Every structure is written in C-alpha cells, then in structure tokens.
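For reference, the structure discussed in these notes is given below.
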C-alpha cells in the first residue's frame, strides 16, 4: 500500500520512565519503565531507517556506533548515523556530544575504565526544539529528563564505553576501535527551502524534512520508502488517518492532507534530497 500506519512497539529500559509524553499512555502501576517507542511495518523487520521516541529518567550509557565500512568489516549490514529532535527537556537537561578536546585511544580507554570519561565529554545544555545530527564515531550520551524523536540508520549496534556502574555489558575494545574522540562539529543545516518546508538533514545516509501542515503530493522513486512522523496535529495520507505519536511508511505517489497547525517530519534514505 502507498501509505501504511506502522505498529508501535514499547521497549522497557532501566533508564526509561513511567510517565511518558504527549499522546503516549503511561506505563501501568507496577510496570517497568518505558525508554523507547519505535515503529515497524508488517513483515519488514530491517528497513533502511528506524524512527523512535525516547523517554529518559536517567543518563543513557556513554556509547558509540560504527560507520558503514566498520560495520561491513564485522559482517553487519550498515553503520549508524542518527539525529535527535528534542521535544521536551527538564531544567538543566544535557546531552554529551564528543569530547571537550581531542584525546587518543589509550586515554579514552583508561577514562572509560575509571569513570573519568564523564569529565572528558562535552555535556551540552538542551531545550525543546533543539536538533542534533550525530555521525557514527561520535562518543555521546543522552542525559536524563528528555523526550526526543530519534531518526537513525536501522542498526542496533551500540558499543557501550561506560554505564555508571549498571550491571550491563561494556564493549570497550570494539567501542574504542570505532571512536573518533574529538569535539563535536554541529551539522550544517541546509535550512528552509519553502515557507512550509525545512530540510534538517540532507544526507549522506538519509534526508530529514520538517513540514508544516498543508495539502501536498509526495512522490517517491520506485523502491524507496519514506517515514512520515506527525510531531503534532493530525491528517490523512491517501485516506489513511494519522495523529501525533504515530508513524506511517510511504511509497510511490501519495496525497498528504494535514491540519494547518500540524508539525510533520519526513525521513527517507539517500545521499541527498530528491523531493
């Protein structure tokens, strides 16, 4: 079908929350905290991209992801570039992106072992509306008190370098090998190309657009799937209704009709935009 409403999958995480955000139902009393909600098309477990909501009550691990070449060398299908749109942030919420200064592999490894890696990282204050593109190789950690949308290459290969004493596996050798421990360079946003259309990411692994609610036709090349994420508002795509907190997979040419106040994300794989 040209427009498919995707199934939602709630993922329990030790750093998640019982009280979620916006349209999402809270975790039931006595239930485990929910850290992620992600979306899956029927019968398609390995699309090029993955869309998630994240809800944090504690810091996530200090981690890093391989790039495509490093992933292929390990027999994995792809690396993991990702980006985050901050939807809500508690006062003094932070995200660690890169290191304050370049460090070598030996220093990074020793710091991961003794916990001083937290002090090496550049913890940036964040607020609702902030956007970050995080290339593979970037040492990073998402802080507590955040709700965000993550769009990523569909890879769950995560190498944990440090986890604040939680009893979870670390991946020091693999993680150090793919890390590029230096200061984070903000992604140069391509900017707005129309009053109701802004490009947040223009490749190399995927494109992410931000659309205002309106009526428009979206025409995708053969074999390409796009993901429509309504941040707020509601509408229809080829008669399939959607609302905030949902996600649709689009193929071919579709007619989008959304409320005037709707805020939409459109993601698709590729080295640059073709819409």
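The values are calculated or read from the model by the stated rules, or taken from the named source; none is laboratory data. Note that this is a predicted model, so its numbers are computed, not measured. Note: ideal-geometry Cβ built from the backbone for every residue, glycine included; neighbour counts use all protein chains shown.
Among the listed residues 7, 73, 25, which satisfies the condition of being within 29 Å of residue 251 (Cα to Cα) and either surrounded by fewer than 17 Cβ atoms within 10 Å (Cβ to Cβ) or at pLDDT 95 or above (or both)? Walk me through how you get there before you give the answer.
Details: 73 fails: within 29 Å of residue 251 (Cα to Cα); 25 fails: within 29 Å of residue 251 (Cα to Cα).
Step by step, each of 7, 73, 25 is checked, and only 7 is within 29 Å of residue 251 (Cα to Cα) and either surrounded by fewer than 17 Cβ atoms within 10 Å (Cβ to Cβ) or at pLDDT 95 or above (or both).
If I go through segment 204-259 residue by residue, how many of them are surrounded by 15 or more Cβ atoms within 10 Å (Cβ to Cβ), under 17 Å from the mean Cα position of the chain (by Cα) and within 28 Å of residue 68 (Cβ to Cβ)?
The number of residues fulfilling the criteria is 13.
Suppose the filter is modelled with pLDDT of 95 or more, touching a strand residue (DSSP E or B) at 6+ places or on another chain (Cβ under 7 Å) and over 23 Å from residue 152 (Cα atoms); does residue 201 pass it?
Judged against the criteria, residue 201 is not a match.
Could you please find all residues in segment 1-19 being in contact (Cβ under 8 Å) with a residue 40 or more places away in the chain and over 22 Å from residue 256 (Cβ atoms)?
14, 15, 16, 17
Could you please find all residues in segment 78-98 being in a loop (DSSP other than H, G, I, E, B) and either under 22 Å from residue 120 (Cα atoms) or under 14 Å from the mean Cα position of the chain (by Cα) (or both)? Talk me through it step by step, then tell me what you get.
As a first pass, look at segment 78-98 and keep what is in a loop (DSSP other than H, G, I, E, B): 78-81, 90-93.
Scanning segment 78-98 gives 79, 80, 81, 92, 93.
Of all residues in segment 1-32, count the ones that are closer than 18 Å to residue 168 by Cβ and more than 19 Å from the chain's Cα centre (by Cα).
Going through segment 1-32, the residues closer than 18 Å to residue 168 by Cβ turn out to be 11-16, 32.
Pick out the ones that are also more than 19 Å from the chain's Cα centre (by Cα) and you get 32.
Of the residues in that region, 1 qualify.
For every residue, the table says whether it meets (1) more than 20 Å from residue 185 (Cα to Cα); (2) under 15 Å from the mean Cα position of the chain (by Cα); (3) assigned by TED's automatic domain parsing to the domain that holds residue 249.
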{"site": "127", "(1), (2), (3)": "no, no, no"}
{"site": "142", "(1), (2), (3)": "no, yes, no"}
{"site": "148", "(1), (2), (3)": "yes, yes, no"}
{"site": "155", "(1), (2), (3)": "yes, yes, no"}
{"site": "166", "(1), (2), (3)": "yes, no, no"}
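In segment 249-270, which residues are closer than 22 Å to residue 203 by Cβ and in a strand (DSSP E or B)?
249, 250, 264, 265, 266, 267, 268, 269, listed by residue number.
Could you list all residues from segment 35-58 that are at pLDDT 95 or above, over 13 Å from the mean Cα position of the chain (by Cα) and surrounded by fewer than 20 Cβ atoms within 10 Å (Cβ to Cβ)?
57, 58
Taking the options 122, 68, 110, 130, name whichever one is surrounded by fewer than 20 Cβ atoms within 10 Å (Cβ to Cβ) and within 12 Å of residue 148 (Cα to Cα).
Going through 122, 68, 110, 130 in turn, the sole match is 130.
When you go through (1) at pLDDT below 95; (2) within 30 Å of residue 121 (Cβ to Cβ); (3) in a strand (DSSP E or B) one by one for residue 155, which number turns out not to apply?
Only one criterion is unmet by residue 155, namely (3).
Hey, any hits in segment 104-114 for a residue that's touching a strand residue (DSSP E or B) at 6+ places or on another chain (Cβ under 6 Å) and in a helix (DSSP H, G or I)?
There is at least one residue in segment 104-114 that is touching a strand residue (DSSP E or B) at 6+ places or on another chain (Cβ under 6 Å) and in a helix (DSSP H, G or I).
Restrict the check to segment 205-226 and report whether at least one residue is within 26 Å of residue 102 (Cα to Cα), not assigned by TED's automatic domain parsing to the domain that holds residue 76 and not in a strand (DSSP E or B).
Yes, the conditions are met somewhere in segment 205-226.
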